[in-house]
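First the structure, in the form of structure tokens, and then the observations on it.
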Amino acid sequence: MAPAIRIDDPDDPRLADYRQVRERDLVGRQGNFIAEGVVVLEKLIRAGRHPIASVLVAEKRLETLRTLLAELDGQVAVYAAGQAVMDAVVGFPIHRGVLAAGTRADPDFETLLAGLPDAALVVGLVGIANHDNLGGLFRNAAAFGADAVVLDAGSCDPLYRKAIRVSVGAALTVPFARAGEASEMVGRLSAAGFSLVALSPRGNLDLAALQPSGRTAVLFGAEGPGLPAAVMAQAQTVRIEMAGGFDSLNVATSSGIVLHHTVANRRRQFRSGALS
């Protein structure tokens, strides 16, 4: 890696990307994003999906991060600052001591679809407006090997700083794209040969009986309203059986259960030759 550039002045213009992070989170970054923490930085570097503009590191962490930072492209500036300077720039105590400024490069929906295998597993998100839930959904998508995530226009941004952090960097590694309004999204997935599976407490089929097809899109809606009726009308509706008197799980928890079941079933079908 190139030598770290020491910064002593919190007003140094080279740190403009990192100034007042929370306020910038709210107003938007015009195609850029901030990644926070060592694990997230590692995933950002190794996934190679999004260009990295620079990295800002607390001086006390520089030596322990030297091996990871050596993986950066030599053109990426690494700034090092004392903790007080770093906190002043960011606008709050940044205990993790590691930030990276990236430029988003998520594909459009058609490009995403064109790169998927014939037997693809996609997670479809409708109206997921909570960044914690979105991060958890991406984390589960990565953990169970989903090929991509598609989002409707009402879902929040996977590259919002908190969503990236909650996903433990999975939002930087799992390919994703937006696909318009919910009805448009499911229509485009269906036209691309995906069987649609919609999760609902009122689903017609118990999850245990679900047999996924070669191309499967599993659809999740926001807690409370769930998936719109028009979306469920185009899909096989599936429920997770629960104890009597209770019919609700956190959407991220539901996704973990459903994806585990789906992936396990697909593996059995591949081994038996039912899928190829």
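The values are calculated or read from the model by the stated rules, or taken from the named source; none is laboratory data. Remember, it's a predicted structure, so these values are computed and weren't measured experimentally. Using ideal geometry, Cβ is built from the backbone for each residue, glycine included, and neighbour counts are taken over all protein chains shown.
Values as computed for the structure displayed
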| item | result |
| --- | --- |
| Of all residues making up the range 74-92, the number that are of a type outside the set (A, V, I, L, M) and more than 11 Å from Val21 (Cα to Cα) | 5 |
| Scope the range 86-135; condition assigned to a strand (DSSP E or B) and under 22 Å from Ile5 (Cβ atoms); matching residues | Val98, Leu99, Ala100, Ala101, Gly102, Thr103 |
| Which listed residue is surrounded by fewer than 19 Cβ atoms within 10 Å (Cβ to Cβ), outside the structural domain of Ala148 (by TED's automatic domain parsing) and of a type in the set (A, V, I, L, M, F, W, C), from Ala47, Ala80, Ala35, Ala58 | Ala47 |
| Single residue of the range 34-56 satisfying the filter (in a strand (DSSP E or B) and not hydroxyl-bearing (Ser, Thr, Tyr)) that is nearest to the chain's Cα centre (by Cα) | Ala35 |
| Options Ala177, Ala192; residue that is in contact with a strand residue (DSSP E or B) (Cβ under 7 Å, 6 or more places away or on another chain), touching a residue at least 60 places away in the same chain (Cβ under 8 Å) and surrounded by fewer than 23 Cβ atoms within 10 Å (Cβ to Cβ) | Ala177 |
| Top-ranked residue in the range 213-247 [being touching a Phe, Trp or Tyr at 6+ places or on another chain (Cβ under 8 Å) and farther than 10 Å from Ala198 by Cβ; ranked as modelled with the highest pLDDT] | Thr216 |
| Scan of the range 63-76 for residues that are part of a loop (DSSP other than H, G, I, E, B) and either buried (at least 17 other Cβ atoms within 10 Å of the Cβ) or β-branched (Val, Ile, Thr) (or both), ordered by number | Thr64, Leu65, Leu72, Val76 |
| Any hit, the range 226-234, residues being more than 24 Å from the chain's Cα centre (by Cα) and either assigned to a loop (DSSP other than H, G, I, E, B) or among the charged types (D, E, K, R) (or both) | yes |
| Selection status of Phe220, in contact with a Leu (Cβ under 7 Å, 6 or more places away or on another chain), of a type in the set (Phe, Trp, Tyr) and assigned by TED's automatic domain parsing to the domain that holds Ile128 | yes |
| Leading residue by the ranking (modelled with the highest pLDDT) among those in the range 1-32 that are more than 16 Å from Ala58 (Cα to Cα) and buried (at least 16 other Cβ atoms within 10 Å of the Cβ) | Asn32 |
| Residue tally, condition of a type in the set (Val, Ile, Thr) and in contact with a Gly (Cβ under 7 Å, 6 or more places away or on another chain), over the range 219-263 | 3 |
